[in-house]
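Data first, discussion second: the structure below is written as structure tokens.
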Amino acid sequence: MAFTGKQLTTQLDADGTLTVQLNDKTWDDPKPGQVLIKVEATPINPSDLGLLFASADTDNAVYTTGKVVAKMPEAATRAFKARHGMAMPAGNEAAGIVVAAGEGCEHLMGKRIACVPGTAYGTYAIAEAQMAFPVDDNVTAEQAASSFVNPMTALGFVETMKLEGFTGIVHAAAASNLGQMLVKICQEDGIPLVNVVRSDAQVKLLKDLGATHVLNMNDADYMPKLIDAIAETKAMIGFDPIGGGTVASQFLSAMEAAASRGAAFSRYGSSEPKKVYIYGALDLGPTILNRAFGLTWDLAGWLLTPFMMKAGMEIVGRMRTRVMKDLTTTFASHYARKGNLEDMLTKDAVSMYNARRTGEKYLVTPND
């Protein structure tokens, strides 16, 4: 049986022209170990935006029905040379109904599953069955759509903390859907957490969830408060989705100041291990380090898939079981706006979700 519909692709050409558009597509039957889903819902995550638009000038792009044509900065065009001329599908995670099943996957026929096809911005998507999970009948497509990237990332932060011998976490842009999940996880597990946000409204949001330490990075006394919070919680590992600017540097400096309290002077700084992971690029500018944190520190990148490979199936399986159990509570996502495939390529929609503002998550419903 042939399945036809639309598939979104993003293509960068050598002259810096970025074209994001909907194309007609026919899906082949799934291979053994695969399923074909009719996509019901798929979120736009920051990791998706990096492929969709990267640093393209979407404000001055040309918008027509089902198509956006924008210009990429010259430096970015050179940096992305490996993708020139390639029409790449996008959409990391989704929920949908299995309409065709490859050999060994017949038991999934007709079921709603959560999966990570990487091609979710389409009418249909092929997914590997080993990375797909049937959801309970009472779980909606909207609830299941964001059941992988954010929940597994939040749990991955906690597992990373444990594996590396730390006991508390500092998290930036903490009022996001992911940040709210992390607040709940740390409450449930008794893990000290320092949340850093950008407005008083976000402070209230997390306080209302029961968070203990919530700091507005725009307050004049932000750094002294951050040092105090880290000194109290012993949170010496941080996770930064902003990337650009001085957030990671401020985390490390505050960790150093907290670790050095009452200690004798050392020209090398505190020997307390301090580490910050950058896991996003909400700020596309350079990461700036003001070296005020001694010599015992680490700065690294964090990505979910490599973490899962390193952690192993026992840990990943435990994480996945927890997500499925608490999908409508701890790991519930909230959306500011929803639209179909054509809606997501309007200037109004792109301006909204590509701004990457905390709390403004967009849900795509391809078949509406």
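The values are calculated or read from the model by the stated rules, or taken from the named source; none is laboratory data. This one's a predicted model, so the numbers in the text were calculated from it and none came from an experiment. No Cβ is skipped: glycine too gets one built from the backbone with ideal geometry, and neighbour counts run over all protein chains shown. To get the accessible areas, we keep the full protein, side chains included, count just its heavy atoms, and leave off ligands, DNA and RNA. Shrake-Rupley method; radii C 1.70, N 1.55, O 1.52, S 1.80 Å.
If you take the residues in segment 58-79 that are free of Cβ contacts under 8 Å to residues at least 12 places away in the same chain and of a type outside the set (S, T, N, Q), which one is most open to solvent (accessible area, probe 1.4 Å)? Here the answer is Arg78. Residues in segment 117-131 that are in contact (Cβ under 8 Å) with a residue 40 or more places away in the chain and assigned to a loop (DSSP other than H, G, I, E, B): 5 in all. If you go through segment 159-167 one residue at a time, do you hit one that is of a type outside the set (Phe, Trp, Tyr), open to solvent by 30 Å² or more (accessible area, probe 1.4 Å) and free of Cβ contacts under 8 Å to residues at least 24 places away in the same chain? The answer is yes, given that some residue of segment 159-167 is of a type outside the set (Phe, Trp, Tyr), open to solvent by 30 Å² or more (accessible area, probe 1.4 Å) and free of Cβ contacts under 8 Å to residues at least 24 places away in the same chain. Checking each residue in segment 244-281 for being in contact with a Ser or Thr (Cβ under 8 Å, 6 or more places away or on another chain) and open to solvent by 60 Å² or more (accessible area, probe 1.4 Å) picks out Ala263, Tyr268, Ser271, Glu272, Pro273.
Going by what's in this entry, would Thr9 be described as surrounded by 21 or more Cβ atoms within 10 Å (Cβ to Cβ), polar (S, T, N, Q) and touching a residue at least 60 places away in the same chain (Cβ under 8 Å)? No: the conditions fail for Thr9. Going through (1) closer than 18 Å to Arg356 by Cα; (2) touching a Gly at 6+ places or on another chain (Cβ under 8 Å); (3) surrounded by fewer than 19 Cβ atoms within 10 Å (Cβ to Cβ) one by one, Thr42 falls short only on (3).
Across segment 80-97, the number of residues qualifying as out of contact with any Cys (no Cβ under 8 Å at 6 or more places or on another chain) and open to solvent by less than 80 Å² (accessible area, probe 1.4 Å) comes to 11.
From the list Asp240, Asp228, Asp208, Asp219, the one residue that fits, being in contact (Cβ under 8 Å) with a residue 60 or more places away in the chain and among the acidic types (Asp, Glu), is Asp240.
Applying the condition of being modelled with pLDDT of 90 or more and open to solvent by less than 40 Å² (accessible area, probe 1.4 Å) to segment 344-360 and asking which residue is nearest to Ala41 (Cα to Cα) yields Met344.
Report whether or not Val170 is open to solvent by less than 20 Å² (accessible area, probe 1.4 Å), farther than 21 Å from His213 by Cα and not in a helix (DSSP H, G or I).
no
Taken over segment 8-49, the criterion of being within 23 Å of Ala79 (Cβ to Cβ) and hydrophobic (A, V, I, L, M, F, W, C) is satisfied by Leu8, Leu12, Ala14, Leu18, Val20, Ile44, Leu49.
Restricting segment 205-220 to residues that are out of contact with any Leu (no Cβ under 9 Å at 6 or more places or on another chain) and surrounded by fewer than 20 Cβ atoms within 10 Å (Cβ to Cβ) leaves a set whose member that is farthest from Val183 (Cα to Cα) is Ala220. When Val139 is tested against the conditions (1) at negative phi; (2) crowded, with 24+ Cβ neighbours inside 10 Å; (3) not hydroxyl-bearing (Ser, Thr, Tyr), the lone failure is (2). Somewhere in segment 320-327, is a residue closer than 15 Å to Phe133 by Cα, among the polar types (S, T, N, Q) and open to solvent by 50 Å² or more (accessible area, probe 1.4 Å)? Yes, there is a match, as at least one residue in segment 320-327 is closer than 15 Å to Phe133 by Cα, among the polar types (S, T, N, Q) and open to solvent by 50 Å² or more (accessible area, probe 1.4 Å). Looking only at segment 108-136, residues that are open to solvent by 70 Å² or more (accessible area, probe 1.4 Å) and either touching a Gly at 6+ places or on another chain (Cβ under 6 Å) or closer than 17 Å to Asp29 by Cβ (or both) come to 2 in all. In this structure, does Ser333 turn out to be within 22 Å of Leu178 (Cα to Cα) and not in a loop (DSSP other than H, G, I, E, B)? It is false that Ser333 is within 22 Å of Leu178 (Cα to Cα) and not in a loop (DSSP other than H, G, I, E, B). Listed by first and then second residue, the pairs with beta-carbon distance under 7 Å, at least 6 apart or on different chains, first residue in segment 282-298 and closer than 16 Å to Ala172 by Cβ and open to solvent by less than 60 Å² (accessible area, probe 1.4 Å), second in a loop (DSSP other than H, G, I, E, B) and aliphatic (A, V, I, L, M), are Leu282/Ala173; Leu282/Ile242.
When we screen Ala175, Ala114 for residues that are in contact with a strand residue (DSSP E or B) (Cβ under 6 Å, 6 or more places away or on another chain), in contact (Cβ under 8 Å) with a residue 24 or more places away in the chain and in a strand (DSSP E or B), the only hit is Ala114.
Within the set Ser47, Ser55, the sole residue that is in contact with a helix residue (DSSP H, G or I) (Cβ under 7 Å, 6 or more places away or on another chain) and open to solvent by 50 Å² or more (accessible area, probe 1.4 Å) turns out to be Ser47.
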